Amino acid sequence: MTGRKWAFISAMVLVPLVGVVTWRTARPHGPGVSPHFAVLLDRSLSTLAPCQSVGGLVKRVLALPGVNKHSTLLVLATGDNATLGEPVEIARLIGFKSARAMESPAGAERRERELVESIVKGCSGLPRTLITPDFLTARRAIEQLRVLGCKSGTGCRLLFQTDGDENVENGIRRALAGSRVPAELPVPVDNAGIAVTVCGFAETTGPNDLSQPGRPRRNHSARSADRVAEVWRRLFTMSDLVAFEPVCPKDGNSDSGPSVEPSGKAKIQR
């Protein structure tokens, strides 16, 4: 083999190899740089069709670009007195979007549909609550996303289904009621690098909560809607990464979740 042919063959082999190494160096792959996601559920009496909304939000996550085999999906529900207000974990899925060898598009679609159905089933097995520790739930979710490696540039997202009617943090509750007490709000959650979508402010019911026992809740107005969004923006350090949607996407194949008896007690659907 002549020296010219040997140089040509070496170039044909080495150039693509150098290119692959350069690409992987410039764009590293692995758990530390993968996007991770959290879907949160407000299971208080005042929310409407929460399990349908959680199913719709999980579907949205599955359709997001950049999800890879290292991505994790957390699904959390707001807590109650039994958990001292701490959130309840419905699912923690690692590699939920992993492609399988020789899997057809129909098979992948069926697998994702079954994943959504399992999460909706887990949601439906939870009773409704009389407390709404929304802020603590959001904080705990952000903390867990940080542990997973979420930071600027990783594409992490938090999606929260809630009517925003916090009734555990007194400062938030008073601010939502119209009192101008921003100094009483809790220290905002550091969501740098984590986009937050809050949906469901317009999907609410009339039952009472612990903040106003025995008194009907006030009807919404344009002013109260603006106030809810304003207060919630203050609860995150990077308000430009917080978006609001009046209603949540829905999973049409699921039920509306736990039903509520006239007494106000939750009845779990089986």
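Observations, loosely collected:
Results for (1) touching a Pro at 6+ places or on another chain (Cβ under 8 Å); (2) of a type in the set (A, V, I, L, M), shown as yes or no for each residue.
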| residue | (1), (2) |
| --- | --- |
| Leu74 | no, yes |
| Ala77 | yes, yes |
| Leu93 | no, yes |
| Ala106 | no, yes |
| Glu112 | no, no |
| Leu126 | yes, yes |
| Leu130 | no, yes |
| Phe135 | yes, no |
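- Residue selected from the stretch 120-137 under the condition of a type outside the set (Val, Ile, Thr) and outside any helix (DSSP H, G or I), by the criterion nearest to Arg43 (Cα to Cα): Arg128
- Residue under evaluation Leu84, criteria (1) at negative phi; (2) free of Cβ contacts under 8 Å to residues at least 40 places away in the same chain, criterion not met: (1)
- Any hit, the stretch 237-255, residues being at pLDDT 85 or above, part of a loop (DSSP other than H, G, I, E, B) and farther than 20 Å from Leu57 by Cβ: yes
- Of everything listed in (1) of a type outside the set (Phe, Trp, Tyr); (2) under 16 Å from the mean Cα position of the chain (by Cα); (3) part of a loop (DSSP other than H, G, I, E, B), the single unmet condition for Glu89 is (3).
- Residue, nearest to Arg139 (Cα to Cα), within the stretch 77-86, restricted to residues that are out of contact with any Asp or Glu (no Cβ under 6 Å at 6 or more places or on another chain) and outside any helix (DSSP H, G or I): Glu86
- Of all residues in the stretch 151-166, those satisfying the criterion of being touching a helix residue (DSSP H, G or I) at 6+ places or on another chain (Cβ under 8 Å) and either touching a residue at least 60 places away in the same chain (Cβ under 8 Å) or among the aromatic types (Phe, Trp, Tyr) (or both) are Gly153, Thr154, Cys156, Arg157, Leu158, Leu159, Phe160, Gln161, Thr162, Gly164, Asp165.
- Taken over the stretch 138-197, the criterion of being β-branched (Val, Ile, Thr), part of a loop (DSSP other than H, G, I, E, B) and out of contact with any Lys or Arg (no Cβ under 9 Å at 6 or more places or on another chain) is satisfied by Thr154, Thr162, Val168, Val187.
- One residue from Glu109, Glu117 being at pLDDT 90 or above and in a helix (DSSP H, G or I): Glu117
The values are calculated or read from the model by the stated rules, or taken from the named source; none is laboratory data. Everything numeric in this text was worked out from a predicted model, so none of it was measured. Please note: Cβ atoms are built from the backbone with ideal geometry, for glycine as well, and neighbour counts cover all protein chains shown.
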